[in-house]
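Chemist: Before I ask anything, here is the structure I am working with.
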Amino acid sequence: MTIPSPWRATVLTLFPEMFPGPLGVSLAGRALASGLWELEARDIRASATDRHRSVDDTPAGGGPGMVLRADVLAAAIDAAGIGPDRPKLLMSPRGRPLTQARVAELADGPGPLIVCGRFEGVDQRVIDGRGLEEVSIGDYVLSGGEIAALALIDACVRLLPGVMGKEASGAEESFSEGLLEYPQYTRPQLFEGVPIPSILTSGDHAKVAAWRRAESEALTASRRPDLWEKAPKRAGRQKTPKNKTDG
Ligand code: SAH
């Protein structure tokens, strides 16, 4: 009998010492230590061929900064020996913005190869030639792909079976139904004169669920009209719910 290999992230970076970094602690770190997932950080510079071990060069056509060389990066990708079933990603501000739905897909598969850019970015020919899928973690520019890769891996790992303490806690959170999460409370019952909303301590589970749903819808409609527009319509849902949380 063959034991299925665990979910695996293979990262190509000029700074392998940045891994596992924050993924070595807490939930992800414990899961890594117990073999629920694997992380391989490979140094792109190991594929440099000239005597200076250079990985970058000036941009063709001029302009500021440096560009990661196609030959070096392609050699690093090829040396990683990634099977055809594994997604090949490039962290990039030009990429499609990462969503919880894409995270769930990636967590469901064997785990991706993730290329971390540096400098002004990478030579277009390696993106095209190796079929890299560009993924962005938001409309802002980081100095390198490593922090973006850490964010992507973290989002995937917490969805892997056995990683989160309570299996259920992934199902009811922000984005899972196209909505933002309702507000959370815990003890003390009274904080700076503000009590926990009484419905939550009423013990009436149906009322709690209805309250949470209404809060989720109100928050989503007011903060993220883009998500609200796309959220699955629910029978009895108000068109534009009155916001009880922000108002
Ligand atoms: N000149 C590029 C930015 C390069 S930033 C441009 O204008 O598009 C250097 C590297 O950081 C990128 O190659 C990418 O790997 C990473 N990076 C920066 N911002 C990112 C973001 N929002 N999402 C994912 N990766 C990002």
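Throughout, read-outs are computed from the coordinates displayed, never taken from laboratory work. These figures come from a predicted structure and were not determined experimentally. All Cβ positions, glycine included, derive from the backbone under ideal geometry; neighbour counts span all protein chains shown.
Chemist: What ³J(HN,Hα) values, in whole Hz, does the Karplus curve 6.51 cos²θ - 1.76 cosθ + 1.60 give for the stretch 75-84 when θ = phi - 60°, with x put for Gly and Pro?
Modeler: Taking θ as phi minus 60°, the curve returns 5, 5, 5, 4, 5, 6, x, 7, x, x Hz for the stretch 75-84.
Chemist: Mind ranking 99-108, 192-201 by how tightly packed they are, going by the mean number of other C-beta atoms within 10 angstrom, highest first? Before the final figure, lay out each step's value.
Modeler: Values: 99-108: 15.8, 192-201: 10.8.
The peptides rank, most packed first, as 99-108, 192-201.
Chemist: For the chain, what is the mean residue ellipticity at 222 nm derived from helices alone (per DSSP H run of n ≥ 4: -39500 (n - 2.57); sum divided by total residues; nearest 500 deg cm²/dmol)?
Modeler: On the way: 7 runs with 70 residues, N = 247.
The per-residue figure over the chain is -8500 deg cm²/dmol.
Chemist: Whole percent per 10 Å bin, from 0 to the bin with the longest distance: what is P(r) over all C-alpha pairs of the chain?
Modeler: 6, 25, 27, 21, 14, 6, 1, 0
Chemist: I need the phi-derived Karplus couplings for the stretch 177-188: 6.51 cos²θ - 1.76 cosθ + 1.60, θ = phi - 60°, integer Hz, Gly and Pro marked x.
Modeler: 10, x, 10, 7, 6, 5, x, 10, 9, 8, 4, x
Chemist: Follow-up question, since we're still on this one. Count the DSSP beta bridges whose two residues both fall in the chain, then state the antiparallel fraction as a percent rounded to the nearest 5.
Modeler: Values: 4 of 24 bridges.
Restricted to the chain, the bridges split so that about 15 percent are antiparallel.
Chemist: Then there is this: Quick query: amide H of D56 versus all other amide H atoms, modeled in the peptide plane; which residues come in under 5 Å with a sequence gap of 5 or more or a different chain?
Modeler: R69
Chemist: What is the pair-distance distribution P(r) of the stretch 172-230, computed from all Cα-Cα distances in 10 Å bins starting at 0, with each bin given as a whole percent?
Modeler: It works out to 22, 43, 29, 6, in whole percents.
Chemist: What is the chain's relative contact order, in percent, from Cα pairs under 8 angstrom and six or more apart in sequence? Before the final figure, lay out the partial values.
Modeler: On the way: 348 pairs, mean separation 42.8, N = 247.
Relative contact order here is 17 percent.
Chemist: Return the long-range amide H neighbours of M66 (sequence gap of 5 or more, or a different chain), with a cut-off of under 5 Å between placed amide H atoms.
Modeler: E120
Chemist: Please give the net charge around A76, taking every other residue with its beta carbon less than 9 angstrom from that of A76, where Lys and Arg add +1 and Asp and Glu add -1.
Modeler: Details: positive: R42, R45; negative: D43, D78.
Value of the local net charge: 0.
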